[in-house]
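Q: Sharing a structure here in structure tokens format.
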Amino acid sequence: MAGNERSPKRDAFQEPFGAWPRRLIALATAAYAGVLVFATHYPKPEELVGGRLPSDKLLHFIAYGLLGLLAALMLRSRGRLVGRTAPVLVAGLAAWAVIDEATQPLFGRAADPLDWVYDVIGLALGIGAVVAVTILTERRQAGRAG
């Protein structure tokens, strides 16, 4: 393959996205991860949101689901998210969630192993959503080509 040709596998998702959108997805993912670390370590989260918070477990599920979605989109926009890399991404972010949960007591927050369970469920669903859309999109494009 010549240096200026693109891999057909990567074109399906990457063509609509140039370098800038891919960079914006990466920046959004990094920024969100930073905000998430801050929010999970802030001693009084109710001060950040103002008013009553929904269930702590629901917040963990949503927060990490969004992190998984963004991280999977970032990899997918670079043609690197496939069925085999999704479980590795879940495992890596789950390990990061363990560290996040374990360091909370250093900032006056309580660590709860059940929070981590909801983190992992959110990660798996967020990443799984991107994988599912990717599979459906690739099948649809293969149907059109064939």
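The values are calculated or read from the model by the stated rules, or taken from the named source; none is laboratory data. Predicted model only: the values in this text are computed from it and were never measured. All Cβ positions, glycine included, derive from the backbone under ideal geometry; neighbour counts span all protein chains shown.
Q: Determine if region 107-121 includes at least one residue that is more than 22 Å from Ser55 (Cβ to Cβ) and out of contact with any Cys (no Cβ under 6 Å at 6 or more places or on another chain). Spell out the reasoning first.
A: Here is the first cut: in region 107-121, the ones more than 22 Å from Ser55 (Cβ to Cβ) are none.
Scanning region 107-121 turns up no residue that is more than 22 Å from Ser55 (Cβ to Cβ) and out of contact with any Cys (no Cβ under 6 Å at 6 or more places or on another chain).
Q: Out of region 107-128, which residues are aliphatic (A, V, I, L, M) and at pLDDT below 95? Before you say what the answer is, go through the steps one by one.
A: Keep residues of region 107-128 that are aliphatic (A, V, I, L, M), which gives 110-111, 114, 117, 120-121, 123-125, 127.
Passing the criteria: Ala110, Ala111.
Q: Also, I was wondering about something else. For Ile99, only one of the following conditions fails: (1) touching a helix residue (DSSP H, G or I) at 6+ places or on another chain (Cβ under 9 Å); (2) closer than 18 Å to Thr40 by Cα; (3) without any contact (Cβ under 8 Å) to a residue 60 or more places away in the chain; (4) aliphatic (A, V, I, L, M). What is its number?
A: (1)
Q: Pick from region 115-146 the residues that are over 15 Å from Leu69 (Cα atoms), in contact with a helix residue (DSSP H, G or I) (Cβ under 7 Å, 6 or more places away or on another chain) and not hydroxyl-bearing (Ser, Thr, Tyr): which of them is surrounded by the most Cβ atoms within 10 Å (Cβ to Cβ)?
A: Asp115
Q: Could I ask something else about it? For Val98, state whether it is surrounded by fewer than 16 Cβ atoms within 10 Å (Cβ to Cβ) and either assigned to a helix (DSSP H, G or I) or among the charged types (D, E, K, R) (or both). Give the steps one after another, and end with the answer.
A: Working: surrounded by fewer than 16 Cβ atoms within 10 Å (Cβ to Cβ): yes; either assigned to a helix (DSSP H, G or I) or among the charged types (D, E, K, R) (or both): yes.
In short, yes.
Q: In region 17-62, which residues are farther than 23 Å from Tyr118 by Cβ and touching a helix residue (DSSP H, G or I) at 6+ places or on another chain (Cβ under 8 Å)?
A: Phe17, Pro21, Arg22, Ile25, Ala26
Q: Here's another thing I want to ask about it. Can you name the condition, by its number, that Arg6 falls short on among (1) in a helix (DSSP H, G or I); (2) farther than 18 Å from Leu69 by Cα; (3) at pLDDT below 85?
A: It is condition (1) that Arg6 fails.
Q: Go through region 71-95 and count every residue that is buried (at least 17 other Cβ atoms within 10 Å of the Cβ) and of a type in the set (Val, Ile, Thr).
A: 1
Q: Quick one: which helices (runs of 4 or more DSSP H) sit completely within region 15-80 and have at least 3 residues that are in contact (Cβ under 8 Å) with a residue 60 or more places away in the chain?
A: Numbers: elements: 19-41, 45-49, 56-77.
Correct list: 19-41, 56-77.
Q: Taking region 105-129 on its own, how many of its residues are over 21 Å from the mean Cα position of the chain (by Cα) and either of a type in the set (A, V, I, L, M, F, W, C) or farther than 10 Å from Lys57 by Cβ (or both)? Write out each step before concluding.
A: Going residue by residue through region 105-129, those that are over 21 Å from the mean Cα position of the chain (by Cα) are 105-112.
Checking the rest, the ones that are also either of a type in the set (A, V, I, L, M, F, W, C) or farther than 10 Å from Lys57 by Cβ (or both) come to 105-111.
Summing the residues that are over 21 Å from the mean Cα position of the chain (by Cα) and either of a type in the set (A, V, I, L, M, F, W, C) or farther than 10 Å from Lys57 by Cβ (or both) in region 105-129 gives 7.
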